[in-house]
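Following: one structure in structure tokens, then a few remarks.
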Amino acid sequence: MHRLRTCAARLRPTAVTPGALRTFQPFRCYAAPVAAEPFLNGTSSNYVEEMYYAWLENPKSVHKSWDIFFRNANAGAPPGSAYQSPPSVGVSLSGLSQAQALVGAQPNVEKLVEDHLAVQSLIRAYQIRGHHVAQLDPLGIMDADLDSCVPGDIITSSDKLGFYGLEEADLDKVFRLPTTTFIGGSEGALTLREIIRRLEMAYCQHIGVEFMFINDLQQCQWIREKFEKPGVMQFTLDEKRTLLARMVRSTRFEEFLQRKWSSEKRFGLEGCESLIPALKTIIDKSSENGVESVIMGMPHRGRLNVLANVIRKELDQIFCQFDSKLEAADEGSGDVKYHLGMYHRRINRVTDRHITLSLMANPSHLEAVDPVVQGKTKAEQFYCGDSDGKRVMSILLHGDAAFAGQGVVYETFHLSDLPSYTTHGTIHVVVNNQIGFTTDPRMARSSPYPTDVARVVNAPIFHVNADDPEAVMYVCNVAAEWRATFHKDVVVDLVSYRRNGHNEMDEPMFTQPLMYKQIKKQKPVLQKYAEKLIAEGAVSRQEYEEEIAKYDKICEEAYNRSKDEKILHIKHWLDSPWPGFFTLDGQPKSMSCPSTGLNEEVLSHIGQVASSVPVEDFTIHGGLTRILKGRATMVQNRSVDWALGEYMALGSLLKEGIHVRLSGQDVERGTFSHRHHVLHDQNVDKRTCIPMNYIDPNQAPYTVCNSSLSEYGVLGFELGFAMASPNALVLWEAQFGDFHNTAQCIIDQFISPGQAKWVRQNGIVLLLPHGMEGMGPEHSSARPERFLQMCNDDPDIFPIITEDFAVRQLYDCNWIVVNCSTPANYFHVLRRQILLPFRKPLIIFTPKSLLRHPEAKSRFDDMLPGTHFRRLIPEEGSASQNSAGVKRLIFCTGKVYYDLTKERKTRGLEDTVAISRIEQLSPFPFDLVKAEAEKYPQAQLLWCQEEHKNQGYYDYVKPRISRTFNNTRTIWYAGREPAAAPATGNKKAHLVELERFMDTAFNLDAFQNQS
């Protein structure tokens, strides 16, 4: 109140205009200036009363316009006519005493104020809750908000007027409209009856609008204008005919498939055929606004229809998918037809502009594709310099049950406004069947609508009856305009039904008998809309039937062509093609990888950048000063630790023009305070510096970004980013390796089998901190056994060793799994990821204690030209010079190597025990393991790991090492015993376990009796 009065007092007094009650008006003489607009928008009338009483005492204490208003109102002027401009005062009250004025005027003024307040409240009620009574269900039997009660402040009968202190007699009174509504159009005042009618037309018909929770006035006003203005939902004859043609294609496509393949699953669109014109409307309007590329993700319902009639994939390519005898021409297992994606560049016939449409392939984990789409969209925006999302956008389709039930939906929404993850607005379209598979929505969600999760980011939600194609078209136009105007998310909720069961083979009457009795009687939306247009005279019945015949003919011709298809080319279904990447001068690239080493000058230069602050007058933390000095000392000594090795790998790729993106929880500093890629000025808030962007004037940009506290959503996002281009290194780091548990769906459904299912390569890198260090079961294991179990190399086949074996093996695998023990090897494997002639996901189990281990350092010599990633690091100590005398060869991987070498030295066994590190676990280095073991023919072979026996690497490496020697040499085990949890939470127990398996590893007589 104080702020309002102070603000008003500073304004220059102006005359009141005919909208006196609607104008922000200070008063010249009155001690407490007030504004009429706030009081009419729902604040108390005390200010007006206070001013009125002041006027009674001294008419000159208020502005002259209010003096006239109060005089006329006192004389009995009806509401809306009490105001007159100062020169035209026609009522003389000179002979009226102040007491008489008080008695006669007070009730009239108070009633006037109260009535206007009531009307304002009524308008606001419709804006807030009108969607609850909108006619959204095409079947007329369901409540979209799961509540049959009508809000008490929505006028459904004259009885409810009493809630607002109004009476039936007030219905024909004229009320001025506040600035917070557009129902009046150009009219400033309407009767109460007309106000209610227009509010019902705007908010209670086939469109329900949720937006009043948005805390931005401009955005709210924008939406009000789109839905409240009289006559906004008008369409031209051409628009109606186009809409009908699109409905014909959508409907007849499904009917064609049903006729030809009645016993096949296709997850058809029947019951929500208006989805196709909805999507096409969004794309048309977006193209008109300058969008050149649209990336889409969707579940399987209606997918084939979208491919055919939105993306415009050749119908014969879709139809041939139904042939069970079709052979796969491409490698991999392939996927079912309603999971495949598509990429197509074509002319948009409405705007005559080129547009690229991409529908992402996805598994049946319905919403898992959401963050993947967002990541790919972000990447395309990044590569084309689209910093505000005007050229590239995403559309996400959802089912109602999944939208409400899947947590990744929230995770994806939560990324929508984060600087390094925003795609500047996504249009979400919910195909609301009002049912899950067989689950009633009342059992499937606690929120009124399935779309309520979108409220968390202030996204407007437009509910629309899907059996009203024109309402659908209008809402989709508004959604596209919203995204183009505000670059924020928006939701279109197509309230529909599912004519068949979950799939065409399912019987829905088992669980929803009443609903499906109504559905059987429901007239198809195409028929209803065609009859409407014929009745209007927009089309003739003959034109309608000709449109149907035309599309049926297209389908028949495509069906006949599809019979000639004997081979399925999955590559025709790619959603993210990489043109030109797999060839060089028109020929396939050779299966080779150049050296991943660098000149010493480059290493030194990157090391100097890593140990400096390239911005003037920038104050860093004292502890960080010591870290940078330590880096500089290492560079002078030609050595690197883990953080500096990573810095050199990433920095060198940037220098070579490769974009690097590192994302995850706290990656800027690093969970273990080792990385420090983003420096923070200690004296200036939010002033930061990324030294890696100062390596070379012509370098590629480096993006390093702390993510939200999400694994599922963010890993999916980075996977999508990596899909867009092969010429980028995209890394996702888990805070601890264990935390990838909650991103397992992305790993299992997209990363591990992605190439096999969709012939789609991806070079994403997963950095998973791993190691048993007494930190308990939740901060120890990245679960290497899971990744190794999903590797596709065969343990029973010893491969043919050829000159290009190492690279060919990588090409044949589904992903690469490594556990590096040296900074140099980490450096090489990151650079190799880009220098390979193909892309595979790379899983790296990264260290924690080794980040600062004095022995876990590498020399520049290990990183110079001619050096490579070492798949296996053999014994290089004194034991290698005494191979005949070696009694035990220990194979291991990762951090445990340093525990083993320390124990070996303590026991004085450096000449009799050899230790070899397998750095690349998958694909397995059969050739190097064989050569290393053959060097020590008298030695026992032992696998040692710090993980429990039923976890870690043992079950993976044992059969492969055994096969290497045709089972003629036994491979023994030393490590922790089997356990349910990945690590103990007791430090003492941890040390006891370590001591115990070290005893086993170095007791040379341990396995004699068993041998």
The stretch 929-965 versus the stretch 859-928: alpha-carbon centroid distance in Å: 13 Å
Separation of alpha-carbon centers, the stretch 780-830 and the stretch 479-517, rounded to whole Å: 44 Å
Beta bridge orientation in the stretch 338-445: antiparallel %, DSSP, nearest 5: 55 percent
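Which value in Å does the Kirkwood hydrodynamic radius of the stretch 118-228 take, with 1/r averaged over all unlike C-alpha pairs and then inverted? The partial results should precede the final answer.
On the way: mean 1/r = 0.0687 Å⁻¹.
About 14.5 Å for the stretch 118-228.
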Spin-label pair H344/F235, simplified geometry with 7 Å Cα→Cβ offset, distance in nm: 2.2 nm
Where a label projected 7 Å from the Cα of N966 along Cα→Cβ would reach, residues of the stretch 796-824 with amide N under 18 Å: 796-801
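What is the magnitude of the charge dipole of the stretch 118-228 about its Cα centre, with +1 placed on the Cβ of each Lys and Arg, -1 on the Cβ of each Asp and Glu, and no other charges, expressed in debye to the nearest 20? Don't skip to the answer; put the middle values down first.
Details: 10 positive and 17 negative charges, 66 e Å.
Approximately 320 debye in magnitude.
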Relative contact order [Cα under 8 Å, 6+ residues apart], the stretch 874-1002, whole percent: 26 percent
Nearest 10 degrees, 0 to 90: helix 642-655 Cα axis against the chain principal axis: 70 degrees
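Compute, for the chain, the length of the dipole vector about the Cα centre, with Cβ point charges of +1 (Lys, Arg) and -1 (Asp, Glu) only. Units Debye, rounded to 20. Show your work: numbers first, answer last.
Details: 111 positive and 122 negative charges, 185 e Å.
Charge dipole of the chain: 900 debye, to the nearest 20.
If you restrict to DSSP beta bridges whose two residues both lie in the chain, what percentage is antiparallel, to the nearest 5? Spell out each step's value before the answer.
Numbers: 24 of 88 bridges.
Rounded to the nearest five, the antiparallel share is 25 percent.
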Derived scalar couplings ³J(HN,Hα) [the stretch 745-758; Karplus, 6.51 cos²θ - 1.76 cosθ + 1.60; whole Hz; x for Gly, Pro]: 4, 5, 5, 6, 9, 10, 7, 5, x, x, 5, 5, 7, 10
Förster-model FRET efficiency, 35 Å R0, S364 and S708, C-beta, rounded to 0.05: 0.85
Karplus-derived 3J(HN,Hα), 6.51/-1.76/1.60, for each residue of the stretch 813-826, Hz, glycine and proline x: 8, 8, 6, 10, 10, 10, 9, 7, 10, 10, x, 5, 5, 4
Cβ-derived FRET efficiency at R0 41 Å, D861 paired with W578, nearest 0.05: 0.70
The stretch 513-615: radius of gyration over Cα atoms, expressed as a fraction of 2.2 N^0.38 Å: 2.43
Isotropic mean projected area of the C-alpha convex hull, the stretch 610-706 (nm²): 6.3 nm²
Paramagnetic label zone (point 7 Å from Cα along Cα-to-C-beta, K520; backbone N under 18 Å) in the stretch 127-146: 139-141
Separation between Cα centres of the stretch 613-690 and the stretch 275-326, rounded to whole Å: 45 Å
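With a cut-off of at most 10 other beta carbons within 10 Å, and DSSP calling the residue loop, which trypsin sites (Lys or Arg not before Pro) in the stretch 666-707 qualify? Please list them. Before the final figure, lay out each step's value.
On the way: sites: R669, R675, K686, R687; in loops: R669, R675, K686, R687.
When the trypsin sites (Lys or Arg not before Pro) of the stretch 666-707 are filtered for loop state and at most 10 Cβ neighbours within 10 Å, K686 remain.
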Relative contact order (%) - the stretch 474-579, alpha-carbon pairs under 8 angstrom, separation at least six: 10 percent
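Taking every eigenvalue of the Cα gyration tensor of the stretch 874-1002, multiplying by 5 and rooting it, what semi-axes result, largest first, whole Å? Working shown, then result.
On the way: eigenvalues 111, 68, 26 Å².
Equivalent-ellipsoid dimensions as semi-axes: 24, 18, 11 Å.
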Simple spin-label estimate for I627 and T191 in nanometres, 7 Å along Cα-Cβ: 7.5 nm
Table column - 3J(HN,Hα) (Hz), the stretch 179-195, Karplus curve with 6.51, -1.76, 1.60, x for Gly and Pro: 6, 8, 9, 10, 5, x, x, 8, 7, x, 8, 9, 6, 4, 4, 6, 4
Residue pairs, from the table K376/K686; K240/K528; K378/K655; K265/K521; K905/K949, whose Cα atoms sit over 19 Å apart: K376/K686; K378/K655; K265/K521; K905/K949
Virtual paramagnetic centre 7 Å along Cα→Cβ of D748, amide N under 15 Å, in the stretch 707-727: 712
Packing rank of 846-854, 357-365, 904-912, where each peptide gets the mean count of other beta carbons within 10 Å, highest leading: 357-365, 846-854, 904-912
The chain: angle of helix 896-907 to the longest principal axis, Cα-based, in degrees nearest 10: 40 degrees
Among H116, G341, C384 - extreme Cα towards positive end, dipole of the chain, charges at beta-carbon: C384
Dipole of the chain, positive direction: furthest Cα of Q587, Q940, P469, with charges on the beta-carbon: Q587
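Return the calculated 222 nm mean residue ellipticity for the chain, to the nearest 500 deg cm²/dmol, obtained by summing -39500 (n - 2.57) across DSSP H runs with n ≥ 4 and dividing by the residue count. Write out the running numbers ahead of the final one.
Details: 31 runs with 367 residues, N = 1011.
The per-residue figure over the chain is -11000 deg cm²/dmol.
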Of all DSSP beta bridges in the stretch 869-953, antiparallel share, percent nearest 5: 20 percent
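Read-outs throughout are calculated quantities, based only on the coordinates presented, and are distinct from any laboratory measurement. Bear in mind the structure is a predicted one, so any value in this text is a computation, not a measurement. For neighbour counting, all protein chains shown are included, and Cβ atoms are generated from backbone atoms with ideal geometry for every residue, glycine included.
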